[in-house]
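Participant: Pasting a structure here, questions to come.
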Amino acid sequence: MKYTFIYDGSFEGFLAAMAEAFYQGDPPEDIREEKEYVPSLFSQAIKVEPVSQRFKAFVTRLGAEAPPATMRKLFCAYLSGVQNREMLAYRYLDFAFRHGNQAGRFLSEEAVSRMEELFRKVLREAHRMQGLVRFKELSDGVLYAPVETDHNVLPLISPHFIKRMRHSRWVIHDVRRQQAAVNDNGTCRIMATQLAHTPEYTEDEYFYQRLWREYFKTIAIESRLNPRLQRQFLPQRYWKYLVEVAPPEEA
């Protein structure tokens, strides 16, 4: 009988599912987040919790036997949200445990090349979003920035904004995943959230939005405009919340 390991959706649960899968010895039928699991007649479901000694031993093993940055790669795979990311991570780890620090050199191995590609994609988007987040001042003084990203990069970009804006009250709202990074004087938490109504901005905010759009328009050299190249460097899916290119908001 094959096993399907079910976890609670947290990164700790993600790792705990890996730990149980390796403990069983044989490759699992599947590893799934609980909300995505569909029962099957051909495998037995086992729900895991990140509290056992087995989980702790597995984390220790990762540090001792897996290549450097393996934990960071697993975290990025988890944040990616791509389909079957758990089994990709399992196959990568299986190979990494067998080849140690040399595993990353085997780019012809599918699990290695796919993990490296996914790792780069998530980090690239996180780096890009550090420059694309646009805060707007709400009527209560909170700085609010909506984003829609391919991957769940809030945990990766939050430290950047904590460092730069530690003593401000701000929210980076991942609209697609209905969660937000909420900072209050240096204490930042990522939590589930859903807007009950359209945000209300201050009069100054509308003024500065208009000013920024006018500046952006003024410095552009019309004869050198190249929309195709612009989309190449900044994919259009990110434009929605950029003040300088999005449709103006009404005061």
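Here is a yes/no grid of residues against (1) within 17 Å of D94 (Cβ to Cβ); (2) under 27 Å from the mean Cα position of the chain (by Cα); (3) surrounded by 14 or more Cβ atoms within 10 Å (Cβ to Cβ):
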position	(1), (2), (3)
F11	no, yes, yes
F22	yes, yes, yes
E29	yes, yes, yes
K35	no, yes, no
K47	no, yes, yes
P50	no, yes, yes
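Participant: Just one of (1) part of a loop (DSSP other than H, G, I, E, B); (2) of a type in the set (D, E, K, R); (3) loosely packed, with under 14 Cβ neighbours inside 10 Å trips up R228, so point out which.
Facilitator: Going through (1) part of a loop (DSSP other than H, G, I, E, B); (2) of a type in the set (D, E, K, R); (3) loosely packed, with under 14 Cβ neighbours inside 10 Å one by one, R228 breaks only (1).
Participant: Further question on the same structure: Kindly evaluate A66 against the criterion of being over 27 Å from L154 (Cα atoms), in the same structural domain as M115 (by TED's automatic domain parsing), over 18 Å from the mean Cα position of the chain (by Cα) and among the hydrophobic types (A, V, I, L, M, F, W, C).
Facilitator: no
Participant: If you go through the stretch 91-147 one residue at a time, how many are part of a helix (DSSP H, G or I) and within 30 Å of K240 (Cα to Cα)?
Facilitator: Summing the residues that are part of a helix (DSSP H, G or I) and within 30 Å of K240 (Cα to Cα) in the stretch 91-147 gives 19.
Participant: For the stretch 72-111, give me each residue that is modelled with pLDDT under 95, under 16 Å from the mean Cα position of the chain (by Cα) and aliphatic (A, V, I, L, M).
Facilitator: The one that is modelled with pLDDT under 95, under 16 Å from the mean Cα position of the chain (by Cα) and aliphatic (A, V, I, L, M): V82.
Participant: Give the residues of the stretch 110-151 that are in contact with a Cys (Cβ under 6 Å, 6 or more places away or on another chain) and either of a type outside the set (V, I, T) or more than 20 Å from L93 (Cα to Cα) (or both), sorted by residue number.
Facilitator: F119
Participant: Look through Y78, Y92, Y3 and report the one residue that is more than 28 Å from A126 (Cα to Cα) and of a type in the set (S, T, Y).
Facilitator: Exactly one residue qualifies, and that residue is Y3.
Participant: Let me ask another. List the pairs whose first member sits in the stretch 198-210 and is surrounded by 15 or more Cβ atoms within 10 Å (Cβ to Cβ) and in a helix (DSSP H, G or I), whose second member is at pLDDT below 90 and small (G, A, S), and whose Cβ atoms are under 7 Å apart, counting only residues at least 6 apart or on separate chains?
Facilitator: From residues that are surrounded by 15 or more Cβ atoms within 10 Å (Cβ to Cβ) and in a helix (DSSP H, G or I), the pairs are Y206/A251.
Participant: Follow-up question, since we're still on this one. Condition check: at pLDDT 95 or above, over 11 Å from the mean Cα position of the chain (by Cα) and not assigned by TED's automatic domain parsing to the domain that holds L74. Does I172 satisfy that?
Facilitator: Here the answer is yes, as I172 does meet what is asked.
Participant: So how many residues does the stretch 108-127 have that are touching a residue at least 24 places away in the same chain (Cβ under 8 Å) and buried (at least 16 other Cβ atoms within 10 Å of the Cβ)?
Facilitator: 8
The values are calculated or read from the model by the stated rules, or taken from the named source; none is laboratory data. Just so it is clear, the structure is predicted and the values come from calculations on it, not from any experiment. We place every Cβ from the backbone using ideal geometry, glycine too, and count neighbours over all the protein chains shown.
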